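The values are calculated or read from the model by the stated rules, or taken from the named source; none is laboratory data. Keep in mind the model is a prediction, meaning the values are calculated, not measured. In this analysis, Cβ positions are derived from the backbone assuming ideal geometry, glycine residues included, and neighbour counts consider all displayed protein chains. Accessible surface is based on the protein model in full, side chains and every heavy atom, while ligands, DNA and RNA are left aside. Shrake-Rupley method; radii C 1.70, N 1.55, O 1.52, S 1.80 Å.
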Amino acid sequence: MSYFIWFHQHALKHHQIIDKLLTQNYNKIQIIDYFKFENMLQKEPEFCLLYQKKIKCHERDYLNCYLCACPYFRFNDEGIKAENGILIKSQCAISSSQASYFINENIAHLDCSLCIVPHTKAFIQKHFDYEWIKIMQACDLHL
Ligand code: SF4
């Protein structure tokens, strides 16, 4: 699946959950808490492929799925740039020290597995918007 398709499918899933919660008069804090991994596993099994395996994308006690992906993630399926014969399709806008790459057939993809930046409650509250795609608007370099 391309980044572009994943990104826009995920935005729609997130939007539909927010719509449902707002209809039930959830406030901002309740909505953020709803996206806690353990609750999402039970209530929104289709939201993330990893839920089927009951595993977390980052091994940490508190994991919140509200900002799955990350506002600092940058992608372009056609490639962002080429370096030493490697086509880089995704990168970190803040060059996180916890960022790395996995390379397959001379294509590099950003590996965020060691980085916890977007999964803390404080970070989500700081960058909060009911529309996930608004928070992520700088990610899609196709535009
Ligand atoms: S490395 Fe961390 S800060 Fe950078 S895009 Fe990935 S999750 Fe976000």
Point to revise | Directionally averaged projected area (convex hull, Cα atoms, the stretch 3-136), nm² | key: 8.5 nm²
Revision key, fill the gap. Within the set 116, 31, 86, GNM on the chain using Cα springs under 10 Å gives the largest fluctuation to 86
Review point. Lysines within cross-link reach of residue 28: Cα-Cα under 27 Å, excluding same-chain residues under 8 positions apart?
Key: 13, 20, 36, 43, 54, 56, 121, 126, 134
Study note, to complete from the structure: Computed over the chain, protein heavy atoms only, probe 1.4 angstrom, the accessible area per residue in square angstrom equals 58 Å²
Practice item. For an R0 of 30 angstrom, estimate the FRET efficiency from the Cβ-Cβ distance between residue 46 and residue 113 and round to the nearest 0.05. Key: 0.85
Check your understanding: Which of the trypsin sites (Lys or Arg not before Pro) found in the stretch 33-123 are in a DSSP loop and have at most 16 neighbouring Cβ atoms, other than their own, within 10 Å?
Key -> 53, 54, 60
Study note, to complete from the structure: For the stretch 23-92 the chymotrypsin sites (Phe, Trp or Tyr not before Pro) that pass both the DSSP coil test and the at-most-12 other-Cβ-within-10 Å test are 62
Practice item. Taking H placed 1.01 Å from N in the peptide plane, check which residues at least 5 places from residue 101 or on another chain put their amide H under 5 Å from its amide H. Key: 111
Practice item. Return the FRET efficiency for the residue pair residue 93, residue 54: r is the Cβ-Cβ distance, R0 is 30 Å, and the value is rounded to the nearest 0.05. Key: 0.45
Review point. Can you list residues whose amide H is under 5 Å from residue 108's amide H, if they're 5+ apart or on another chain and H is modeled 1.01 Å from N?
Key: 87, 88, 89
**Study point:** Residue-span extension gain [residue 102 to residue 61] - 0.36 nm each, minus C-alpha spacing
**Key:** 12.3 nm
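Within the accessible area of the stretch 72-137, what % is carbon and sulfur when the probe is 1.4 Å and the other protein chains stay in place?
Percent of accessible area from carbon and sulfur atoms in the stretch 72-137: 51.
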Revision key, fill the gap. With +1 at each Lys and Arg Cβ and -1 at each Asp and Glu Cβ, the charge dipole magnitude of the chain around its Cα centre, to the nearest 20 debye, comes out at 360 debye
